[in-house]
1. Specify whether the C-alpha gyration tensor of region 317-473 places it in the rounded, prolate or oblate class, a ≥ b ≥ c being the square roots of the eigenvalues: rounded for a/c under 1.5, otherwise prolate if a/b is larger than b/c and oblate if not.
2. Tell me, what is the FRET efficiency for R433 and A257 to the nearest 0.05, using R0 = 41 angstrom and their Cβ-Cβ distance as r?
3. With viscosity set to 1.567 mPa s and temperature to 4 °C, compute the Stokes-Einstein D of region 292-359, Rh being the Kirkwood radius across alpha carbon pairs; µm²/s, no decimals.
4. Got the relative contact order for the chain handy, in percent, Cα pairs under 8 Å and 6 or more residues apart?
5. What is the distance in Å between the Cα centroid of region 300-353 and that of region 531-561?
6. Just to verify a number: FRET efficiency for R373 and F64, C-beta to C-beta distance, R0 = 41 Å, to 0.05?
7. Mind jotting down the three principal axis lengths of region 331-401 based on Cα atoms? Whole angstrom, largest first.
8. Summing -39500 (n - 2.57) over the DSSP H runs of n ≥ 4 in the chain and dividing by its residue number, what mean residue ellipticity at 222 nm do you reach, to the nearest 500 deg cm²/dmol?
Amino acid sequence: MAWLEQFLVKYPELAVFLAISIGYLIGGIKFRGFALGPVTGSLFAGILIGQFAHVPVSGTAKSFLFLLFLFGIGYSVGPQFLQALKRDGMKPVLLAVIVCVSGLLTAIVVAKILGLDPGFSAGLLSGALTESPAMGTATEAINALPIPEADRARFVAHIAVADAVCYVFGAVGVILFCSAVGPRLLGIDLAAEALKLEQELGISRKAPGVESAWHMFEMRAYRIAEGAPIVGLSLRAAEERSPELRLFVQRIRRNGAILEAEPDLVIEPGDVVAVSGRREVLVNVLEARAEEVEDRQLLDIPVSIADVLVTRPDLGGRSIDDVTKEEWTRSVYLRSISRGGQEIPIAPGIRVERGDILRLVGPESQVSRAAERVGVVVAPTTATDFFVLGLAIFLGGLVGVLVTIPIGDMRISLSTSVGTLLAGLLVGHLRTRFPLFGRIPDAAVSLMTALGLAAFVAMTGLHAGPVFVSAIAEAGIGLLFGGMIVTLVPMIIGLYAGRYLLRMNPILLLGGLAGAQTMTAGMAAVQDRSGSTVAVLGYTPAVPIGHILLTTWGTVIVGIMA
């Protein structure tokens, strides 16, 4: 193996790619539904390689990749960040603040009791609270300490060691607490509570093989019989007979000619009408009352599917049921809503927020008209606005260096890391007002966040590998049990504060706890146990707050413990 060691030391960039590859392999291995994930897998892979090869790690490369990751995270959650501070989203936001602050305080107390150095303390926090980006802010804070270079290198290595020791229980602990322990402490049945909340919001569960009525869109042709209830009515009056069904006439064939749908056009016996609507309604309602006919020419209407970013302030906070009563929503149907990168359930009581991405389907002209009232169509793009990206990271880092936060007798710099995260949030938020500003394709953002963090932690693991065994011996078993305490205490505090102080719905509370810990797997576990996706409504407002605070805590805990 000597030749491999020499090869990796000579070509450290290849060692990083090897660690990422092995990390994704390790992270994808599941045991009873649990997997470490690619980030933690890359950390362990880096530590493993570092055991037999002292691979030199470039500090500049680490910082570059980490700043790209932070900007990508901020950019992706920015459209929802300010909306998370408003209306019903305020409760999950306050829950996230409670969990994050109690997590920081618990980590400080445990670190002081165990006598941990700044590196071990930061790793304890990042691993136990499952926020790997805190390793980056802590590394930057340690590198800024006025201590010998050897001590800085040792403390940075300790971050990775402590994170690796504490992360496994941190992740498993959040998943089990949200899906099993929390519901038992609250004395609730997850499935029953989820069903109750769905009924309050008007969500219809999907039966096997059948789409929700709010999703499916079709167009069919029917012949109007003599004596039909709608004969003699205008199209507007006919459609308003049952507005909740949202059936719309698109065109009419009369005496061989095709007539465009005009609101005042009167329906006559023998007309063949092209009707759009939800599949269930067309099948269960119209087919029992009218004869369906095949008329390809009549049904040959251009249909469009468009993803539209909600930018209009007058739509923010309005329920789907309320919005569908607008005249411009005629013939337009909602297929999905994406909020903060997560798809949320569709129901009459769900509220639309600025920054949401709505997938609309319907006749091309109607979708175009609706898109103008909603915001702007998110057209696929392959071009990245590198001018905005580069300038935003530079200015964010500059602000992070210049801004300091007083904590007791200390003044802690905001850091380039936190400044870059805030810059990403700002650019992401500005997209909701100026959609063509700072455009970055989703695929590029995904690469920035996934590769950026995985490569960063892989290099952190390579740096920590040579001292991993000795550091474990120095920290002792107390680090493992201390990490368990840091994971569980804020979850318990958040659970009872959310239930009895904030009076949150238990399903949204459990989703919010997962969001506060930025643990998507925790939310997925709640969804799996409850048989419902509704927990995501508590997760999405909490997760951007969790990312910001927990990432910042890496700087704070180093300043305090130093």
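The values are calculated or read from the model by the stated rules, or taken from the named source; none is laboratory data. Since the model is a prediction, treat every value here as computed from it, not as a measurement. Neighbour counts are summed over all protein chains in view; Cβ atoms, including those assigned to glycine, are modelled from backbone coordinates with ideal geometry. Just so you know, the surface numbers come from the protein's heavy atoms only, side chains and all, with ligands and any DNA or RNA stripped out. Shrake-Rupley method; radii C 1.70, N 1.55, O 1.52, S 1.80 Å.
1. Prolate, since a/c reaches 1.5 and a/b exceeds b/c.
2. The computed FRET efficiency comes out at 0.30.
3. Using the Kirkwood radius from Cα pairs, D works out to 96 µm²/s.
4. Answer for the chain is 30 percent.
5. 28 Å
6. For R373 and F64, the calculated efficiency is 0.45.
7. 51, 27, 19
8. Estimated from H runs of four or more residues: -18000 deg cm²/dmol.
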